[in-house]
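Report on the structure given below.
The values are calculated or read from the model by the stated rules, or taken from the named source; none is laboratory data. Keep in mind that what you see is a predicted model, and the values were worked out from it rather than measured. Reconstructed Cβ throughout: ideal geometry from the backbone, glycine too, with neighbour counts over all protein chains shown.
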Amino acid sequence: MSNVLVTYFSASGVTKRVAEKIADENGYDIFEIVPEEIYTPQDLDYMDKNSRSTIEMNDKSFRPPIAETCDVSGYDTIVIGFPVWWYTAPTIINTFIESVDLSGKTIKAFCTSGGSGIDKCVSDLQASYPELNFSKGMRFMGNADGAKEWIESE
C-alpha cells in the first residue's frame with residue numbers, strides 16, 4: 001500500500017478520536033488541521049445566525065486561517081476527515097486543500113456525522129477542485145470500522 005497521511009479538522013473531538021483510531025490502528029501518519037483561532041461552543045452554535053461557524057459557512061469563499069500546514073509530498077493517499085457543517089465540509093477544509101499540493105494524489109474524505117452523509121461533501125469538494133482525485137468518501141459515527149479496507153481500496 002502507498003504511503004497514507006490522515007489529516008483532520010475536529011471542532012468537538014469526535015473527528016479527532018476517529019482520525020486517531022484510523023491512524024493508530026493502521027500505522028498511518030497523522031496531521032491535525034488546527035484553526036488559528038480555536039472554535040468555542042458559541043462559535044459552533046448553528047442555531048445562532050451570528051455565530052462564527054454560521055457566518056463562515058454562509059460565505060463559500062471564506063477561508064479560516066490555519067495555524068500551520070504540512071508537507072504532503074511523501075504521501076500517495078491523503079485522508080481528510082471533518083465534521084459535516086451545513087451538509088458539507090467546513091470551509092477550513094478548503095483552507096487546508098489550498099495550502100498543500102494534492103495533484104496526483106488519491107484523496108479520501110471522511111466525515112463524522114450522526115445524520116448527514118458524505119456524498120454531498122465529496123461532490124462539493126470535487127466541484128471546487130475538479131483537477132484533484134477524490135475517491136468515494138466514508139461516514140463514521142464514532143468508530144473507525146472498515147477504515148483500512150476503504151482507504152486501501154482503489
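General remarks:
- Any chance D124 is under 27 Å from I38 (Cα atoms), more than 15 Å from the chain's Cα centre (by Cα) and not basic (K, R): no
- Residues of the stretch 2-19 satisfying the condition of being of a type in the set (D, E, K, R) and either in contact (Cβ under 8 Å) with a residue 40 or more places away in the chain or assigned to a loop (DSSP other than H, G, I, E, B) (or both): R17
- The one condition in (1) in contact with a Lys or Arg (Cβ under 7 Å, 6 or more places away or on another chain); (2) of a type in the set (F, W, Y); (3) closer than 20 Å to Y28 by Cα that F134 fails to fulfil: (1)
- Any hit, the stretch 46-53, residues being in a loop (DSSP other than H, G, I, E, B) and closer than 18 Å to T95 by Cβ: no
- Any hit, the stretch 25-34, residues being surrounded by fewer than 20 Cβ atoms within 10 Å (Cβ to Cβ), farther than 25 Å from G146 by Cα and among the acidic types (D, E): no
- Hey, I22 within 16 Å of the chain's Cα centre (by Cα) and part of a strand (DSSP E or B) or not: no
- Some residue of the stretch 4-19 being at pLDDT 95 or above, in contact with a Ser or Thr (Cβ under 9 Å, 6 or more places away or on another chain), surrounded by fewer than 16 Cβ atoms within 10 Å (Cβ to Cβ) and among the polar types (S, T, N, Q): no
- For the stretch 55-71, a tally of residues being free of Cβ contacts under 8 Å to residues at least 12 places away in the same chain and not in a loop (DSSP other than H, G, I, E, B) returns 1.
- Of residues in the stretch 25-42 being in contact (Cβ under 8 Å) with a residue 24 or more places away in the chain and assigned to a loop (DSSP other than H, G, I, E, B), the one nearest to N94 (Cα to Cα): I33
- Checking each residue in the stretch 44-72 for being under 26 Å from N143 (Cα atoms) and either more than 17 Å from the chain's Cα centre (by Cα) or among the aromatic types (F, W, Y) (or both) picks out D45, Y46.
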